[in-house]
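To start, the structure under review is shown below, and the notes come after it.
The values are calculated or read from the model by the stated rules, or taken from the named source; none is laboratory data. In this text the structure is predicted, and so the values were computed from the model without any measurement. With ideal geometry, Cβ positions are generated from the backbone for all residues, glycine too; neighbour counts draw on all protein chains shown. When the accessible area is computed, the model is the full protein with side chains, heavy atoms only, and any ligands, DNA or RNA have been set aside. Shrake-Rupley method; radii C 1.70, N 1.55, O 1.52, S 1.80 Å.
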Amino acid sequence: MTPRVRVSARGLARLRNGHPWIYSSDVEDRGSAAPGDVVEIAGARGHSAGIAHYSSTSQITLRLLSSEPATVDRAFLARRLRAAASLRQRLVENSEACRLVYAEADLLPGLIVDRYGPHLSVQFLTQGMERLKPQITGLLGELFTPASIVERSDSPSRRHEGLEPAAGVLEGECPTDVAFRMNGLVWHSNPLTGQKTGAYLDQRENYAAAARYAHGEALDCFTCHGGFALHMAGRCANVEAVDSSAAALALAEQNRRANGVENVRFTEANVFDLLSGYEARRRRFDTIVLDPPAFAKSKSAIDGALRGYKEINLRALKMLGPNGVLVTCSCSHHVSEAMLLELLAAASLDAGRTLRVLERRSQSSDHPVLLTVPETLYLKCLIVEVV
Ligand code: SAH
């Protein structure tokens, strides 16, 4: 028997408004649900509103799996995985790496699957997905015949689910150095230890966009593995690329050599210190990229985050002259595009620069956005030029 979880009218209204989460405050009776169970969502009069994964510890108690009655078996999971893969086949061009499954946006809440060439790197982020780990691993093996499947369930969000971090090889053999092609360049990644599932794939399309406008002397702030820098190198005289992580820069340097790029120099530094030093010394650049980590991890952190974004954008704008290009990103879900545009406008007035918006972009299309699930949209990337 599928356990039934009774939810309030407000919880049901959320579902009707297209959002797949029901918070614990909207759960009226958990019935016999156990951690990670597939449960039936029941309204007050006992009618069914679909099936969901149940979490015994998270504030997000239920994550909708289907609003129709369904059995979450092999065939169900295979259908969802195939649909996700088919979308990528249509969307992803010129890349051996992409996000194959993006959780809620692929109707598989709590599951992330990234592809790096023949290897898959997977995150099981909820009690429900944790329970399905053997089944999903088996299916991924059958459907995609990868050389290896690596688990990177070491994201802090597992804490809310009462799950310990877990990382390691689930199937096959994964070398510590995986090479793949993306946008005509060669990239190296270590799915076992790299940031997130091994690299950042969400900027893939923005790298190419930035390269279209990049010119002259360029500065890539928060470069990580050199994504923006190495894409822009062909268009620029020189690129200085900065990150505070020595491990990330070692990989960036390996990427630079693999592509025979000579005009990119990687610097280990704190971007805040570096920018204030450069500003004091009146350094000038023609192109600047700002791609910081999420400054606002929660709603309450928004004010501080906006100050951080404003500071780096203001300093960058002061170093750009006429025709200068700024590529500025925010991966904080809580900072909307409107907020980013507003703070950039304020910074441009403070810096005495008139900005023209060239492109307003988001995460790559293999990280799709569900219209009624704002949490699936997190990355903003604005490309502006100084008039
Ligand atoms: N631009 C990268 C992704 C950046 S992620 C890409 O396209 O792949 C954010 C990066 O900022 C991480 O690599 C992290 O090491 C670095 N970082 C975080 N705080 C920093 C700081 N204060 N100064 C410099 N780098 C920082």
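So here's what we get for this one:
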{"item": "Subset of the range 340-368 (residues that are part of a loop (DSSP other than H, G, I, E, B), buried (at least 18 other Cβ atoms within 10 Å of the Cβ) and out of contact with any strand residue (DSSP E or B) (no Cβ under 7 Å at 6 or more places or on another chain))", "result": "363, 364"}
{"item": "Count of residues meeting criterion [within 12 Å of the ligand (Cβ to nearest atom) and open to solvent by 20 Å² or more (accessible area, probe 1.4 Å)] in the range 277-291", "result": "1"}
{"item": "Output for the range 220-234, where each listed residue is over 17 Å from the mean Cα position of the chain (by Cα) and either crowded, with 24+ Cβ neighbours inside 10 Å or near the ligand (Cβ under 9 Å from one of its atoms) (or both)", "result": "220, 221, 229, 230, 231, 232, 233"}
{"item": "Search result, residues across the range 292-302 that are touching a residue at least 40 places away in the same chain (Cβ under 8 Å) and buried (at least 18 other Cβ atoms within 10 Å of the Cβ)", "result": "292, 295"}
{"item": "Filtered residues of the range 369-387 (kept if in a strand (DSSP E or B) and open to solvent by 20 Å² or more (accessible area, probe 1.4 Å))", "result": "385"}
{"item": "Odd one out for residue 189, checked against (1) away from the ligand (no atom under 14 Å from the Cβ); (2) touching a His at 6+ places or on another chain (Cβ under 8 Å)", "result": "(1)"}
{"item": "Matching option when the condition is within 15 Å of the ligand (Cβ to nearest atom) and exposed (fewer than 13 other Cβ atoms within 10 Å of the Cβ), among 255, 270", "result": "270"}
{"item": "Flag for residue 209 being part of a helix (DSSP H, G or I), surrounded by fewer than 24 Cβ atoms within 10 Å (Cβ to Cβ) and not assigned by TED's automatic domain parsing to the domain that holds residue 155", "result": "yes"}
{"item": "Condition met for residue 215 (in the same structural domain as residue 313 (by TED's automatic domain parsing) and more than 13 Å from the ligand (Cβ to nearest atom))", "result": "yes"}
{"item": "Number of the condition not met by residue 109 [criteria: (1) part of a loop (DSSP other than H, G, I, E, B); (2) over 19 Å from the mean Cα position of the chain (by Cα); (3) at pLDDT 95 or above]", "result": "(2)"}
{"item": "Residue list for the range 151-199, filter: over 26 Å from residue 297 (Cα atoms) and aliphatic (A, V, I, L, M)", "result": "169, 170, 178, 179, 182, 185, 186"}
{"item": "Selected residue (only one of 237, 199, 247 is surrounded by fewer than 16 Cβ atoms within 10 Å (Cβ to Cβ) and near the ligand (Cβ under 9 Å from one of its atoms))", "result": "247"}
{"item": "For residue 260: the one exception among (1) away from the ligand (no atom under 14 Å from the Cβ); (2) of a type in the set (Gly, Ala, Ser); (3) open to solvent by less than 10 Å² (accessible area, probe 1.4 Å)", "result": "(3)"}
